[in-house]
Amino acid sequence: MKKFALVMTCSLIIIVLIAFNYLLWDRENKKQQNASNNASITVLGERINTLTETNQELQSKVKTLEKDLEALKEEHEAALGELEEKKAIIGKLKEHLNAEFLHEPINEWVEALNNGDYESAYMLEAAASDREDKASGLEEYIRNYKNVIKSMEIESIELVTEGVPEDMTGEFIFRVTLNVARVEGAPENRGGFSEGTNKRYITVGLDREKDILVIKNISLVL
């Protein structure tokens with residue numbers, strides 16, 4: 001009986017010790033969890049603060065960009081207004097301008113071709129005269145006209161004042177009617193002109209380096 005009581009007493013003591021250890025373990029575990037949770041909350045708080053600051057900076061940049069965009073829109077509208085005004089002024093100037101002196105490079109070009117002076121004709125065309133390979137360019141130019149165009153006569157020159165493309169505003173463009181005689185039997189694909197009446201749009205401008213009027217472009221349409 002005494003042994004049974006001793007066993008029971010020992011068992012109770014062991015149970016109490018185990019329960020006490022469990023309580024201590026649980027308490028420490030909860031402390032660690034609380035510490036971990038507190039650390040996580042602190043980290044999250046710091047991240048939230050960082051994100052809040054970043055958001056505020058971005059909002060400030062957005063407001064600055066919106067102001068800049070608005071200023072650019074105003075500048076763009078003002079520039080468009082000035083462009084329209086300049087176009088109107090240029091249009092009025094063209095209507096009242098005596099543009100005969102601008103015919104000079106066209107007259108000289110036709111005269112040079114009629115005289116067989118292909119180099120002078122070539123050099124009057126600004127696009128050609130600006131080429132680096134002038135020698136080979138001249139050879140090709142001569143092949144296109146020599147023994148191809150027999151003669152060329154100007155029937156009319158009119159300054160174009162309406163229907164000018166936006167990118168050509170301010171250019172002096174002439175509607176030129178030419179009467180062309182081709183050499184009989186010349187290749188059809190050379191010279192760029194057919195027998196009889198030919199209409200071309202010829203743009204005249206200033207070669208700033210040489211300070212002379214030149215032909216900037218010759219085309220079938222505007």
Apart from one, (1) at pLDDT below 85; (2) exposed (fewer than 14 other Cβ atoms within 10 Å of the Cβ); (3) not aromatic (Phe, Trp, Tyr) all hold for GLU119; the odd one out is (1)
Test: ILE173 is in the same structural domain as TYR118 (by TED's automatic domain parsing) and touching a helix residue (DSSP H, G or I) at 6+ places or on another chain (Cβ under 8 Å) = no
Residue that is surrounded by the most Cβ atoms within 10 Å (Cβ to Cβ) [pool: residues in the range 160-193 that are assigned to a strand (DSSP E or B) and under 26 Å from the mean Cα position of the chain (by Cα)] = ILE173
Could we say that ILE202 is assigned by TED's automatic domain parsing to the domain that holds GLU119, within 16 Å of VAL110 (Cβ to Cβ) and in contact (Cβ under 8 Å) with a residue 40 or more places away in the chain here?
-> yes
Consider LYS199 carefully, then state whether it is surrounded by fewer than 16 Cβ atoms within 10 Å (Cβ to Cβ), assigned to a loop (DSSP other than H, G, I, E, B) and basic (Lys, Arg).
-> no
Does LYS73 count as surrounded by 10 or more Cβ atoms within 10 Å (Cβ to Cβ) and modelled with pLDDT under 80?
-> no
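The values are calculated or read from the model by the stated rules, or taken from the named source; none is laboratory data. What you see is a predicted model; the values in this text were computed from it and never measured. Cβ coordinates were reconstructed from backbone atoms using ideal geometry, including for glycine residues, and neighbour counts include every protein chain displayed.
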